[in-house]
Every structure is written in C-alpha cells, then in structure tokens.
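One structure is given here, and the rest of the page talks about it.
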Amino acid sequence: MDSATKNTYDAIVIGSGISGGWAAKELCELGLKTLVLERGRHVEHIKDYPTANTPPWDFKHRGRMPLSVLKENPYISKAAGYGEDNAHFFIKDKDHPYIQEKPFEWIRGYQVGGKSLTWGRACQRWSKHEFTNPEKFGYGIAWPIGYDDVAPWYSHVEKFIGVCGNKDGIEAMPDGEFLPPFEMNCVQEVISKKINENYPDRHLVHARWAHLTKPNKIHFEQGRVKCQARNMCMRGCPFGGYFSSNSSTLPWAKKTGNLTIRPFSVVHSIIYDEKLGKASGVRVIDTNTKEVFEYKARIIFLNASALNSNLILLNSTSTRFPNGLGNDNGLLGKYVAFQNYRASVGAEMDGFLDKYYFGRNPTELILANYKNLHKQETDYFGGYTTFMGAYRDQHQTDNSIPQIGDAYKDSLTKPGGWKLYMYMQGETVPRITNHVRLSEDQKDQWGIPLLITSVEYDDNDERMIQDFLKESKEMLEKAGCKNIETYENKQAPGLDIHEMGGCRMGKDPKTSLLNGQNQLHLCKNVFVTDGACMTSTGNQSPSILYMALTARAANFAAAEMKKGNL
Ligand SMILES: Cc1cc2nc3c(=O)[nH]c(=O)nc-3n(C[C@H](O)[C@H](O)[C@H](O)COP(=O)(O)OP(=O)(O)OC[C@H]3O[C@@H](n4cnc5c(N)ncnc54)[C@H](O)[C@@H]3O)c2cc1C
C-alpha cells in the first residue's frame, strides 16, 4: 500500500467530543472507513479515569486546587465543577493561548472524548419556537430547518445515549424517549406544585439528563450499566452511568472495524482542491513531533467544538477562498453567541425536618421557558429556562446552637434545614459584532494563528437578568420560601461553556455559511455539525441538538455518497 492510499479514508471527523463521537458512530455504522483526528491524548473508558473511585480524604488538597495552579490557570479554573478530582480533563491555560479582545473565558477539554467527559448532561429538546422566534420577532435570521426535521433524530440520539426525564406535555420543552427520572425531593415537589398553582403556565418539572436510570438492552450492549447516583460524573464514570463519547459512541464505532482514531493530531486546515471544486482532505500536525501530515477523504465532518471549528475554517485558505473556506460573504466567525448564566437566586424553606433523600442525585429540576414563547412580550428578546435544586444543609446552622462543646459537635453530625436555588440559562442574541478572527502575527506552539475573541454581553442580556431575578424571587416568595437572596455574578461569556455560531446555518448563502444539511454552501463535502452551526442559541442546553444534527447530517452524507453526489 503506498502512503497516499494509507492516508485515504471515506470520511474524516475532526474532533472526538460530543459531536465528533456521534459523527464517528454514524459514519462507521453506515460502512464508511472513518478517521477521527483528535488534538489531545487518548482517554480510554474506565482505564483512564484515575480519580473515579478516589475518596475525598485521599486527595492531596482535599479536592481544592493549590493557589499556584489557580494563578497559572486563571480562566480554566473558573469552569463549573473544576477541581483536583477532574483537572486532568481540562486544558492548562498557558499551553493553549488565545487573545481576548474583550473578556471571554474559553473552557476547553483537549483529549479523546473532549468535553463529553465533564459536561453537565442536561439534555432538553428545543421547542419549535426556538427555531422560529428569532426570525419571527426580528432578532435573527430564519433557520433552514425546524423542530419536525430534528425530532426523529432527537429520538434516535435519546434512545442510544439514554436520557432520563418525565413526559410532561409542555409546549416549551417537548417530550422525548425517556428513561424514568430521579425522584423529586419533598421541597422540590412542594415548590413545583406551588409555582404551578400560582402561575398555571409555568412548569417546574424534571429536567432531562443523559443518565441511565433504567438501562435498556442497547445500553448494556455498550457496556454501560445503571447510574449509581454517586454524582462524581466529571471524573469519568466507570459504570458508564452517564453518556460520554468515551463510554458510548467511540467504542461503538470501533466495534464496526471501520474506525481509526489518531490522537495528538491537531488539524491545521482543510485542504481545498481547486480542480475538483471541493475539499480533498486535511492538514494535520502531530502535537508531539510537529511533523505535518495530510489525510484525504471524500467527506469531512468538522466537530472541533464551536470556536475551534471557526478557527480551522478561517485558517483553511486557498486561492479560491482567501478569507477562509466557504467564506465568500465574509460572515465566517461572526454572529457568535452563547447562553446567559449570570443570575441566580438562593432561599430557605422551613419545615420538612423529618425528611431526607436517597443518594447523590446528579440531576436538577427545570422550569421550562415561559417568556416570549408565542409573542414578543418583554423589553428584551429571547427566553430563559431555570434550573432548580433543593437540599438539606450539611449540618445544623441554627443560631441557638452553641459554637463550642458537645452540643456544637453534635449539631455537625445532623443535617441542617432545607435550602434551594434557581439559576438561569438564557438565550442571547447573535450579533455581527460578536465575532472571532485569526491573529495576523501571533501563533501557537504548532504555528497555527491564535484565535482572537471579541464577544460580550449586551443590554438585552442585562434586561433579561433583571426579569429573571424579579420573577424568580416573586415565585419563591409566593411558594413560602424565606431569606431569598438574588445574585448576579457578572461573569464573562465563555464560562457558560455554551458558545455557538460563527458558521451558521441558513436558507440564504448571502447571510449564512451552511445549508439545512450542515454542508458548507460553497464546499458541499464539508459538514459542520458542532455548535459553530447554530443560527441562534435557544434557551435549552444545546449539546443534544448538536448530536441530533450530527446524526442527521451523517446519514444524509452517506446517502449522497452512495448516489455519487459527494
Ligand atoms: C462543566 C461543563 C458543563 C456542561 N454542561 C452541559 C449541559 O448540561 N448540557 C449541555 O448541553 N452542554 C453542556 N456543556 C457543554 C458541552 O460540553 C459542549 O456543548 C459539547 O461538549 C460540545 O461538543 P463538541 O463536540 O462541539 O465539542 P467538544 O466536546 O469540546 O469536543 C471537541 C473536540 O475537538 C478537539 N479539537 C479541537 N480542536 C481541534 C483541532 N484543531 N484538531 C483536532 N482536534 C481538535 C478537542 O480536543 C475536543 O476533543 C458543558 C460543558 C462543561 C465543560
């Protein structure tokens, strides 16, 4: 076999995280010899989860990070849940610089599995309104697809990854193929009931989570078993109790015999063949040796995570596309958006002191979006969902308990009163000014231009935050809570870890980069199916939509190849 043949595949997938894992699974099952290129190290399910069973007292710093590490990693160390138990699944800031024109704290996990190892696992479907409202209410362009196009693919993904939840029949949050939910605790039940009594159009219900509460045959076939409610997910789960690429899609793809994964392979760019008028392959740098390789394939799936996919496309220049692949309209890298996580509410609830709960439930409730669903009714655009949790304080904190002596020690061994919290996940408006671009003079250690991020919150977000705080406080007051506190953390974008856009889908090639099948309008054998493709952000957690879009596009691509169209 000559080297050209050796480096030739039917399909190349760039990135092995949540969306890349799905591309690999579908393409391999459809019979395509598929190469997955991953810039990070290999992480094998179970074997490479070094802290999965480590008890808290065996961590050198009891789970916290030393000040020196926090100082060296000012951005990544702010990621939700980051700590001594899982820092090995996050990058180190200094190894992967980028330029913040405006504060943007970019959270990345560079390894086989990407951020699927550390994600929060919330998996609600978008409603039809999230696809249509941006255009209808005048804050975005039309999506080329709607809910009905994705619904079967949501089902396809839900069945395979395992999503627990309840069928609630809520318009703003469609039902899917669910495993049973975790139980609500007594305070969650009460608040849910009270909110619905006081506001009939508001529903505080089980959110949907990629956890196996009652595994089916397909999950056992993946080697995964029931979630043990340990809530140690971000360390990697040896039970496969939650979905990650490492426990699910990648081993499944491997079983077909069609998968090759090449770790330590940073994709520099996609190669465009001017004669053929399509992409012919990718240029890769071995991260250890810095050797440059080229791999060829008939189709390329770009799944490097939203901003890295933008970077790769911007860096894929040719005589035909001097400004980046498919970028005739100059919009590549623009209309980057994210989700608004800046506000939360905390409160206490009297009573229920004879009640507790079983295990460490890794899920929360969700109050489905109740704003701007059917009409534009607020002074800001978009909607928000609200996550909610309730728990007993770790120990008694009653002021009457002495702070010294036997009584104090005794109080430390008993659970305290009930506390609860709510936090928002809000839609943001994609704006042309919120963008990423390449540095003209600064490069990373592999000679790839640094990404410049120029992304910020705006007045629309501020107004949404105020509305969330007012409404949430009022709901909790009416539900009988006390000591209600509101918080606004002023965090920079990026920390939401739901960055999207830059290579958006649309009907019109003049205003978008991708068509309704996630193909670049101008280079049809390149599919972008991670967050870069998002036309708007919606208010629901986005990753399951990336999975559904990826599965849909992969099946389309394989069918087109069979017909000889690609
Ligand atoms: C703490 C946390 C909580 C979260 N909670 C939720 C949640 O509850 N619900 C939800 O929907 N989402 C959640 N997310 C977001 C979710 O993880 C991402 O949306 C999702 O992982 C995106 O999938 P992806 O495939 O685009 O990117 P990733 O999973 O990040 O995978 C991208 C992969 O591409 C690789 N790569 C990057 N550049 C290159 C290159 N040039 N060459 C080769 N490989 C490259 C990376 O190393 C990585 O492995 C959370 C994330 C975190 C960290």
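Calculate for the chain the 222 nm mean residue ellipticity that helices alone would give, adding -39,500 (n - 2.57) per DSSP H run of length 4 or more and normalising by residue count, nearest 500 deg cm²/dmol. Using -39500 (n - 2.57) per qualifying helix, the result is -7000 deg cm²/dmol.
Ligands, DNA and RNA left out, the 1.4 Å accessible surface of the chain is 51% carbon and sulfur atoms.
Sites listed here are chymotrypsin sites (Phe, Trp or Tyr not before Pro) in region 419-491 whose DSSP assignment is loop and whose Cβ has at most 15 other Cβ atoms within 10 Å: 446.
When only alpha carbons are used to place a centre, region 426-478 and region 1-79 end up 26 Å from one another.
Once you list every other residue whose beta carbon is under 15 Å from the beta carbon of residue 356, what net charge do they have if Lys and Arg are +1 and Asp and Glu are -1? Residues near residue 356 contribute +1 overall. Positive contributions from Lys and Arg (+1) and negative ones from Asp and Glu (-1), summed over other residues with Cβ under 11 Å from the Cβ of residue 155, come out at -1. Taking a point 7 Å from the Cα of residue 201 along the Cα-to-Cβ direction, the residues of region 446-486 with backbone N closer than 17 Å to it are 467-468, 471-472, 475.
Take every Cα pair under 8 Å whose residues are at least 6 apart in sequence, average their separation, divide by the length of the chain, and the relative contact order is 22 percent. For residue 13, the residues whose modelled amide H falls within less than 5 Å of its own, excluding neighbours fewer than 5 places apart on the same chain, are 35, 36, 37, 301. The P(r) of region 382-423 has a tail past 18 Å containing 43 percent of all C-alpha pairs. With the cut-off at 25 Å, tell me which of the pairs 115/226; 6/255; 33/562; 94/255; 275/562; 6/562 have Cα atoms farther apart than that. The pairs that break the limit, which is 25 Å between Cα atoms, are 94/255.
Packing, as the average of other Cβ atoms within 10 Å across residues, places the peptides 273-286, 49-62 in the order 273-286, 49-62, highest first. DSSP assigns beta bridges within region 343-428; of those with both partners inside it, close to 100 percent run antiparallel. In the chain, a dipole from Cβ-located charges (positive for Lys and Arg, negative for Asp and Glu) runs towards its positive end, and of 55, 173, 396 it is 55 whose Cα lies farthest in that direction.
Cβ-Cβ distance of residue 214 and residue 356, R₀ of 22 Å, FRET efficiency by 1/(1 + (r/R0)^6): the value works out to about 0.45. With the charge dipole of the chain set up from +1 on Lys and Arg Cβ and -1 on Asp and Glu Cβ about the Cα centre, the Cα lying farthest toward the positive end among the listed residues 523, 187, 210 is that of 523.
Among rounded, prolate and oblate, which fits the chain when a ≥ b ≥ c are the square roots of the eigenvalues of its C-alpha gyration tensor, a/c under 1.5 means rounded, and a/b larger than b/c means prolate? Verdict is prolate for the chain.
For residue 473, the lysines whose Cα comes closer than 21 Å to its Cα, not counting residues fewer than 8 places off in the same chain, are 193, 194, 371, 419, 482, 490. Looking at region 103-157, the accessible area is 29 square angstrom per residue; that uses a 1.4 Å probe and ignores ligands, DNA and RNA. The residues neighbouring residue 246, those whose beta-carbon lies less than 9 Å from its own, together hold a net charge of -2 under the Lys/Arg +1, Asp/Glu -1 convention.
In this Cβ point-charge picture (+1 for Lys and Arg, -1 for Asp and Glu), the chain has a dipole of about 1460 debye about its Cα centre.
By DSSP, the beta bridges lying fully in the chain are antiparallel in about 70 percent of cases. Eigenvalues of the alpha-carbon gyration tensor of region 236-390, scaled by 5 and square-rooted, set the equivalent ellipsoid semi-axes at 43, 27, 13 angstrom, largest first.
The values are calculated or read from the model by the stated rules, or taken from the named source; none is laboratory data. Everything quoted here is computed from the prediction, not taken from an experiment. Cβ sites come from the backbone with ideal geometry, for glycine too, and all protein chains shown count toward neighbours. Areas reflect the complete protein model, heavy atoms only, side chains present, ligands, DNA and RNA absent. Shrake-Rupley method; radii C 1.70, N 1.55, O 1.52, S 1.80 Å.
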